[in-house]
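K.L.:
First, the structure itself, so that you have it in front of you.
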Amino acid sequence: MNDFTSEPDDLKKAMSVAIKRVIDSGWYVLGDEVKEFETQWSNTCGVKYTIGVGNGMDAIEIILRSLNIGPGDEVITTAMTAFPTVLAIYRAGAVPVIADIDYETALLSISSVKSCVNDKTKAVILVHLYGQVKNVMQWKKFCDDKGLFLIEDCAQSHLASENDMYAGSFGVAGAYSYYPTKNLGAVGDAGSIVTNDNDIAGKAMILRNYGQNKRYYHPEIGLNSRLDEIQAAILIERLRWLKKFTELRKNIASLYNEFINNKYIEKLTPPDDYDSHVYHLYVVRTKKRKQFQEYLNKNNIQNLIHYPVPIHKQLSTSGIKISPEGLGNSELHADYCISLPCHPQMTNSDANRVVDVVNSFKE
Ligand SMILES: *Cc1c(COP(=O)(O)O)cnc(C)c1O
């Protein structure tokens, strides 16, 4: 639902210059551009370390492995997330346990997570779904009390903050994705780990590069998940625009929050404060989703469903451990949710047209 071709010419030119700079440098993987981006992203998030990696899924796997979480260990996360959150748990060799969401926000439910904790539980992966950061202090306290690691999946929450703390700075570590459609995106795959923990940072730097601590010496069984110089150079340029682009998303969302008014269309509970939601996606729910989607398509309003199938209903996850209390809210949300266009290339008049079409939907 993004339109990169209509991005500002200044940005497109700067990206071309950045690519040429890398080509002219003759150094293509893990170099000065990566180091510079890591420094800038640490400053942005208010953390000590950023470790650039290949993508967001690897970032989660590397965090888990840096914490020595693996076979036999259970990791709790939400039924309503992108599949890679759970894939990363499998890839680390650990056992995913799926908890339910709070219906109002579609975010992971603390009481459902409570029902999943046992003496094998090592960590909770909190997903800042759709760009929402909420109740992080409660999550911190909950995890501290139970002796669990709090890991943040920040793939949708660049620049989202609560109490002036940014996504990724609350838990032991946060995983960012810079897939092109994320709020901060590269021109290919890219990701990073953010943390204040020296040990996690040190181990993650080794794991991302074949498990080597110096060239040809391999104290760990690592992966190949390095950030390349072109992607880092692009991210440096795009980071200059991130604040502005985030404001544009919030502006579209605030128009929707204020003016969408249709008894068939349910809005999610808006955030408590302005900083805590960066609207990676603007999601509504309707029991008439099929008809509503047809209506949007007929009126040329782009839309997608995030996500139509909750984690535990995927073909590949049959038998996955779930909360003993069930995942009823996630199942309802998956049946009713639909995402409206919300991106920085939209104008106010584009947004007003979406509002008009949504408001004119009837059975
Ligand atoms: C995109 C996404 C990921 C995975 O990121 P990749 O860079 O595509 O591997 C993980 N979790 C969530 C919530 C995402 O939206």
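Taken together, the values in this text are just the output of simple stated rules run on the coordinates, not laboratory data. The structure displayed is predicted, hence computed values, not measured ones. Using ideal geometry, Cβ is built from the backbone for each residue, glycine included, and neighbour counts are taken over all protein chains shown.
K.L.:
Sorted from fewest to most neighbouring beta carbons within 10 Å, what does the list Trp27, Trp139 look like?
P.N.:
Trp27, Trp139
K.L.:
Would you mind ranking Ser42, Ser157, Ser360 by Cβ crowding within 10 Å, fewest neighbours first?
P.N.:
Ser360, Ser42, Ser157
K.L.:
Which of Thr269, Thr195, Thr77 moves most in a GNM of the chain, Cα contacts under 10 Å?
P.N.:
Thr269
K.L.:
To the nearest 20 Debye, how big is the dipole of the chain about its Cα centre, given +1 on the beta carbon of each Lys and Arg and -1 on that of each Asp and Glu?
P.N.:
480 debye
K.L.:
With each pseudo-label sitting 7 Å past Cα toward Cβ, what's the Asn163-Gln212 distance in nm, one decimal?
P.N.:
Label-label distance for Asn163 and Gln212, simple model: 4.3 nm.
K.L.:
Please report the antiparallel percentage of the DSSP beta bridges confined to segment 73-146, to the nearest 5.
P.N.:
Around 10 percent of the beta bridges assigned by DSSP in segment 73-146 are antiparallel ones.
K.L.:
Please compute the contact order of segment 173-294 in relative form: average sequence separation of alpha-carbon pairs under 8 Å and at least six residues apart, divided by the residue count, as a percent.
P.N.:
18 percent
K.L.:
Each residue of segment 220-230 in turn: what ³J(HN,Hα) in whole Hz from Karplus with 6.51, -1.76, 1.60 and θ = phi - 60°, glycine and Pro shown as x?
P.N.:
10, 7, x, 10, 9, 9, 9, 8, 8, 5, 5
K.L.:
While we're here: Based on DSSP, what percent of beta bridges with both residues in the chain are antiparallel, to the nearest 5?
P.N.:
Taking every DSSP beta bridge with both residues in the chain, the antiparallel ones total about 55 percent.
K.L.:
If one computes the Cα centroid of segment 1-66 and of segment 137-161, what distance in Å separates the two points?
P.N.:
24 Å
K.L.:
Under unit Cβ charges (Lys, Arg +1; Asp, Glu -1), what dipole magnitude, rounded to 20 debye, does segment 207-343 have relative to its Cα centre?
P.N.:
300 debye
K.L.:
What list do you get for Asp102, Asp119 if you sort them by fewest beta carbons within 10 Å?
P.N.:
In increasing order of surrounding Cβ atoms, one gets Asp119, Asp102.
K.L.:
Asp272 to Thr347: extension gain in nm, 0.36 nm per residue of separation minus the Cα-Cα distance?
P.N.:
24.5 nm
K.L.:
What translational D, rounded to a whole number of µm²/s, comes out for the chain from Stokes-Einstein when the hydrodynamic radius is the Kirkwood one over Cα pairs, at 37 °C and 0.692 mPa s?
P.N.:
D, rounded to a whole number, is 156 µm²/s.
K.L.:
Suppose only helical runs count, i.e. DSSP H with n ≥ 4. What mean residue ellipticity at 222 nm does that imply for the chain under -39500 (n - 2.57) per run, divided by all residues and rounded to the nearest 500 deg cm²/dmol?
P.N.:
Rounded to the nearest 500, the figure is -12500 deg cm²/dmol.
K.L.:
Something else: Skipping prolines and chain starts, which residues have an amide H placed within reach, meaning under 5 Å, of the one on Ile301, given they are 5 or more residues away or on another chain?
P.N.:
none
K.L.:
When the Cα centres of segment 226-303 and segment 331-358 are compared, how far apart do they sit, in Å?
P.N.:
7 Å
K.L.:
Pop a pseudo-label 7 angstrom from the Cα along the beta-carbon direction at both Met1 and Lys243 and give the gap in nm to one decimal.
P.N.:
2.7 nm
K.L.:
Evaluate E = 1/(1 + (r/R0)^6) for Lys12 and Ser254, where r is the Cβ-Cβ distance and R0 equals 30 Å; express this FRET efficiency to the nearest 0.05.
P.N.:
With R0 = 30 Å, the Cβ-Cβ based efficiency is 0.65.
K.L.:
Given a Förster radius of 22 Å and the C-beta distance between Lys141 and Lys313 as r, what FRET efficiency does 1/(1 + (r/R0)^6) yield to the nearest 0.05?
P.N.:
0.10
K.L.:
Subtract the Cα-Cα distance of Ile305 and Gln40 from 0.36 nm times their separation in residues, and report this length gain in nm to one decimal.
P.N.:
Between Ile305 and Gln40, full extension yields an extra 92.1 nm.
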